[in-house]
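First the structure, in the form of structure tokens, and then the observations on it.
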Amino acid sequence: MDSGGAYGGGKAGAPFDPFTFVQRPQVILRAVCLLFAIIVFACISSQGWMYDETEKTEVCLFNRDASACHYGEGVAILAFLASIGFLGGEYLFEQMSSVKTRKHYVLLDLGYSGFWAFLYFISFCYLANQWSNAQVPPGHIGVGNVQAAICFSFFSVFTWAGCAWFAYQRFRQGADSAFAPTYEADPSSLPGAAYTSYPGGPDTDAGYQEAPFSGNQPRGNVDYQAPAY
């Protein structure tokens, strides 16, 4: 990740480089999430339903459970729209000059990606369970699409979880930089440093200085001489 700006992004106002942008892991994963969402939605909406001559209506191939088809389509279409939105957010992320705005975007990315990975996991379990109990349609029509929808729902769990992981790494990087010290430590406060009582004072090894007016003064009895006026 780039470390020039807050939360793993480049510094605001830097020129946009499309080649660097498309090579970023977050952008690649978002594009994969977008592709998988299209596949899941297209597979269910195109051949996930069949017309029942007896009931004179369309029924879902997932054990005739319309809720399974609607759930799979709903998760996929919202994932498609969210992927487009986050790709636009990745483009604007470098232009966000406010650290607080970047933090809100990263938290939104983390929460939404983690939640959607969970919804895709439910979708995979739901569709796989209903398909295992369903009857094979006549002529095996739509079987390939149904199985593809289940497989790519499973793959989407990991792609969205990967997006959540990158968002978490961004959040950690931003939190670490927010609490990093912005000042240089005083050398005198470091362990083992000598203490000086005042700037420019004598070294600690020099000992105490003699008191003023105490040098070379005679001791004992001294004759007193009267001052001359």
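The overall shape of region 16-178 is prolate: from the C-alpha gyration tensor, with semi-axes ordered a ≥ b ≥ c, the ratio a/c is 1.5 or greater and a/b exceeds b/c. Model label sites at ILE77 and VAL143, defined 7 Å from Cα along the beta-carbon direction, differ in position by 2.9 nm.
For region 19-45, the residues whose backbone nitrogen is under 13 Å from a point 7 Å from the Cα of LEU87, taken along Cα to Cβ, are 22-23, 27-39.
Placing a label point 7 Å from the Cα of ASN63 along the Cα-to-Cβ direction, the residues of region 100-142 with a backbone N closer than 11 Å are 126-135.
By the count of other C-beta atoms within 10 Å, a proxy for reagent exposure, SER97, SER153, SER123 are ordered fewest to most as SER97, SER123, SER153. As a rough footprinting exposure proxy, the listed residues SER67, SER45 were ranked by other beta carbons within 10 Å of their own, and the order from fewest upward is SER67, SER45. In a fully extended conformation the segment linking LYS56 and ALA31 would gain 5.0 nm over its present Cα-Cα distance, using 0.36 nm per residue. Only Lys, Arg, Asp and Glu carry charge here, each on its Cβ (+1 for the first two, -1 for the last two); on that basis region 16-178 has a dipole of about 620 debye about its Cα centre. FRET efficiency for the TRP165 to SER97 pair, using the beta carbon distance and R₀ = 22 Å, is estimated at 0.25.
Every read-out reported here was derived from the displayed coordinates using simple, explicitly stated rules and does not represent laboratory data. For clarity, every value in this text was computed on a predicted model and none was experimentally measured. Cβ: placed from backbone, ideal geometry, glycine included. Neighbour counts: every protein chain shown.
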